[in-house]
Amino acid sequence: MYRRVAASPEDVMAVYADFEGQGRYLPELVTSRVVARLAPGTFQVFYEYEVSGPNERYTVTVAVARVAKGLEATWDLLSARYARRLSGAIRVEPLGAGALITYSSRVDPGPLGVHLGSPASVSRRLRDTVEALTSEVERLRAREPETLAGLRRRLGGMVQGIGVAPGGGG
């Protein structure tokens, strides 16, 4: 999925990489938290999503890094209640005065997790996630620039080699 956003790549990735804060804006997310920091920019993150039946709970390894034209976070499944495989990426690159988000997710829901991985549900969750992230970034830029600046500083501390401009530029 592709989405333009009126923000810098650093703004978008700073909001995304606030794993504990994702529950404030991501639909169906009950909780998320970092359970381990494996290296600079590499974390194990636990998620619990509301689904019919017992909630899906899973832990992924997430790596956040600067790439040639922007920033990228990739994830791979470590363990889950239902899913057999889960991997994906969010890449954010400069585009004009804003940024382009490229978001992908690959899911094998396993025999008990069909509601997680049908083509329709994966497509809906991708769209809803990207729209929610975009809205949260734009909301923080407009209404809480100090909060966004703090998330940018935190992102700079998370990942080596990320120069984070204080004013929101990339």
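The values are calculated or read from the model by the stated rules, or taken from the named source; none is laboratory data. Bear in mind the structure is a predicted one, so any value in this text is a computation, not a measurement. Note: ideal-geometry Cβ built from the backbone for every residue, glycine included; neighbour counts use all protein chains shown. The accessibility values were calculated without ligands, DNA or RNA, using every heavy atom of the protein model including side chains. Shrake-Rupley method; radii C 1.70, N 1.55, O 1.52, S 1.80 Å.
Numbers for the structure displayed
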{"quantity": "Simple label model, 7 Å out from Cα along Cβ direction - Ser87 to Ala65, nm", "calculated": "1.4"}
{"quantity": "Selected from Ser52, Ser79, Ser32, residue furthest toward positive end of dipole (region 4-117; charges at beta carbon)", "calculated": "Ser79"}
{"quantity": "Among 96-103, 133-140, 8-15, the order from most to least packed when residues are scored by Cβ within 10 Å on average", "calculated": "8-15, 133-140, 96-103"}
{"quantity": "Three-way shape label, region 1-42, alpha-carbon gyration tensor, a/c 1.5", "calculated": "oblate"}
{"quantity": "Pairwise Cα inverse-distance average, inverted: Kirkwood Rh of the chain (Å)", "calculated": "16.2"}
{"quantity": "Within the chain: Cβ-based charge dipole about Cα centre, in debye rounded to nearest 20 (Lys, Arg +1; Asp, Glu -1)", "calculated": "240"}
{"quantity": "Residues of the chain: accessible area per residue with a 1.4 Å probe, Å²", "calculated": "48"}
{"quantity": "Ser79 accessible area, assembled protein chains, probe 1.4 Å, Å²", "calculated": "60"}
{"quantity": "Within-13-Å neighbourhood charge of Arg3 [Cβ basis; K, R +1; D, E -1]", "calculated": "-2"}
{"quantity": "Additional length obtainable on full extension of the chain from Phe19 to Val122, 0.36 nm per residue less Cα span", "calculated": "35.0 nm"}
